[in-house]
There are 2 protein chains.
Amino acid sequence: MKTLVIIGHPELPDSSTQQFLKRAAELPSVTWHPVTAEPLNITAEQRLLRQADRIILQFPLYWYSAPAVLKNWLDQVLTRQFAYPEAAGALVGKELGIAVSLGSPARNFKAGAPEHFSVSQIMTPFQALAHKLKMVFLPTFVIDQFGYQTDAEKAKLLINYQRYLTQGDLDHFEAQADWLTTQFQSLIAQKPSEQKQQLTLILEQLKNNQADLNDLKTNLKMIQNMEDS
Amino acid sequence: MKTLVIIGHPELPDSSTQQFLKRAAELPSVTWHPVTAEPLNITAEQRLLRQADRIILQFPLYWYSAPAVLKNWLDQVLTRQFAYPEAAGALVGKELGIAVSLGSPARNFKAGAPEHFSVSQIMTPFQALAHKLKMVFLPTFVIDQFGYQTDAEKAKLLINYQRYLTQGDLDHFEAQADWLTTQFQSLIAQKPSEQKQQLTLILEQLKNNQADLNDLKTNLKMIQNMEDS
């Protein structure tokens, strides 16, 4: 699966959040693509979109929407001829995700809390876009006040962000375990041979644990079904 | 009441919708203010906002949001220092309206219909903006495929648009009648004296009809209350 990350940030070099995410996105199947205010080569931009399976729009929330630099990109690159399913329908079936960084705490985004609206409600225009273009809209990835995060929170953010970019099925627990196994395997491959054996044993142990866990879940489900009937 | 209409349209001179609305907005209390991609004088823009009681953001819907030219204006002009209620709070208590022109039929904007989301849902980011700045969010004014409208529909659009810009209380029937009376009076004032008497008689008749209508509504309400108790 190929992932294209389209970053819209008017002050990209100054953003510690974006620099962190950029390092996290240094993965073989991921293309990091910041957009600028300079005149766009529409054909080249559309070619990038065509090549991707998962498209992530990544930006800081500016007045509850994308910054102008990203809106300009959307307005210009997504021509009707290119994007409308009745025309070329170039994005039909692809995934659309939003990776948004928040300047105020994520807990504030709900009815009754200071921001009053949920992030999902605020993302409705992007959901409508995905619907119009027959894309699969992914759950929005929220980066919650990066500057205030502890090192442990940042480590967790890194893993979750990499999963958001590359994990096949974002909804399922089994897919998450598979994703972690794959990451671990590629990590082992980079290690000197004396460490390889030890790490491979750890990985086997993790896989066994995972198999046990899956068995337990299956049994639990059977018991629940018996109770229901 | 002073109204400021901020128009964000990348091809303003070519838009028959905007030309029509511009003529309709030629009213004493209304300032017509198109924004451009040229560098902004932030202080001057903020001064305009301070002077207004009702602020209308007017634009064609581009990918379920404002065109980039207007988003750029919002990103730059609404500085935290200027807009946040905890800072200068320059917009607290003012009204915020959205006048949006649609390229696809308004009836398509609901669950199950082609656009799937309502215009209100799509406008959530602007509603969140109004909430944040402690502004009063007005019902969105929808211009439904102007190019396909009949002359009668355009005449109705003109009146409703002028009401949207200038009527004090947009919710109430009585306020609408008052608004029409005021418009009619200023029309009479411009006519030659031989027509004035005749038009004044018509206006008096309309006012009497309005008074009768209000009486009928009061009686109806009383009867309903008796039935309920």
Q) If you check A:Gly147, A:Gly112, which single one turns out to be within 30 Å of A:Lys71 (Cβ to Cβ), under 21 Å from the mean Cα position of the chain (by Cα), assigned by TED's automatic domain parsing to the domain that holds A:Phe20 and exposed (fewer than 11 other Cβ atoms within 10 Å of the Cβ)? A) A:Gly147
Q: Being assigned by TED's automatic domain parsing to the domain that holds B:Ala128, at pLDDT 95 or above and surrounded by 14 or more Cβ atoms within 10 Å (Cβ to Cβ) narrows it down to one of B:Val92, B:Val100, so name that one.
A: B:Val100
Q) Taking the range A:1-25, which residues are assigned to a loop (DSSP other than H, G, I, E, B), charged (D, E, K, R) and out of contact with any strand residue (DSSP E or B) (no Cβ under 8 Å at 6 or more places or on another chain)? A) A:Glu11
Q: With the condition kept exactly as written, say whether any residue in the range B:210-222 is in a helix (DSSP H, G or I), away from chain A (no Cβ under 14 Å) and under 24 Å from B:Ser101 (Cβ atoms).
A: no
Q. (1) surrounded by 12 or more Cβ atoms within 10 Å (Cβ to Cβ); (2) within 23 Å of A:Lys2 (Cα to Cα); (3) at pLDDT below 85: which one isn't true of A:Leu206, the others all being true?
A. (2)
(Q) Please verify whether B:Glu95 is among the acidic types (Asp, Glu), at negative phi and in contact with a Leu (Cβ under 8 Å, 6 or more places away or on another chain), treating the condition exactly as stated. (A) yes
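Here is a yes/no grid of residues against (1) surrounded by 11 or more Cβ atoms within 10 Å (Cβ to Cβ); (2) of a type in the set (Asp, Glu):
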residue	(1), (2)
A:Phe137	yes, no
A:Asp151	no, yes
A:Asp171	no, yes
A:Asp215	no, yes
A:Thr218	no, no
A:Ile223	no, no
Q: Please specify each residue of the range B:1-18 satisfying the condition of being surrounded by 13 or more Cβ atoms within 10 Å (Cβ to Cβ) and away from every other protein chain (no Cβ under 14 Å).
A: B:Lys2, B:Thr3, B:Leu4, B:Val5, B:Ile7, B:Leu12, B:Ser15, B:Thr17, B:Gln18
Q.
Can you go through A:Phe137, A:Phe117 and tell me which one is touching a residue at least 24 places away in the same chain (Cβ under 8 Å), closer than 25 Å to A:Ser29 by Cα, in contact with a helix residue (DSSP H, G or I) (Cβ under 7 Å, 6 or more places away or on another chain) and not assigned by TED's automatic domain parsing to the domain that holds A:Lys217?
A. A:Phe137
Q.
Tell me the residue from A:Ile202, A:Ile122 that is touching a residue at least 24 places away in the same chain (Cβ under 8 Å) and aliphatic (A, V, I, L, M), please.
A. A:Ile122
Q) Can you tell me which residues in the range B:64-122 are of a type in the set (Val, Ile, Thr), within 8 Å of chain A (Cβ to nearest Cβ) and touching a Lys or Arg at 6+ places or on another chain (Cβ under 8 Å)? A) none
Q. Of the residues that make up the range A:29-43, is at least one of a type in the set (A, V, I, L, M, F, W, C), within 22 Å of A:Leu157 (Cβ to Cβ) and at pLDDT 95 or above?
A. yes
Q. Of the residues B:Asp212, B:Asp144, which is within 20 Å of B:Arg23 (Cα to Cα) and among the charged types (D, E, K, R)?
A. B:Asp144
(Q) Taking the criterion of being more than 14 Å from chain A (Cβ to nearest Cβ) and touching a Phe, Trp or Tyr at 6+ places or on another chain (Cβ under 7 Å), would at least one residue in the range B:40-60 satisfy it? (A) yes
Q: Among the candidates B:Glu45, B:Glu86, single out the residue that is more than 28 Å from B:Leu170 (Cβ to Cβ) and either among the acidic types (Asp, Glu) or assigned by TED's automatic domain parsing to the domain that holds B:Ile143 (or both).
A: B:Glu86
Q: Go through the residues of the range A:153-162 one by one and say whether even a single one is of a type outside the set (Lys, Arg), modelled with pLDDT of 80 or more, over 16 Å from the mean Cα position of the chain (by Cα) and more than 26 Å from A:Ala52 (Cβ to Cβ).
A: yes
Q | Meets criteria (basic (Lys, Arg), surrounded by fewer than 18 Cβ atoms within 10 Å (Cβ to Cβ) and under 15 Å from A:Pro125 (Cα atoms)) for B:Lys71 | A | no
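The values are calculated or read from the model by the stated rules, or taken from the named source; none is laboratory data. On a predicted model such as this, the values are computed, not experimentally measured, just so you know. Because the Cβ atoms are built from the backbone with ideal geometry, glycine has one as well, and the counts that use them run over all protein chains shown.
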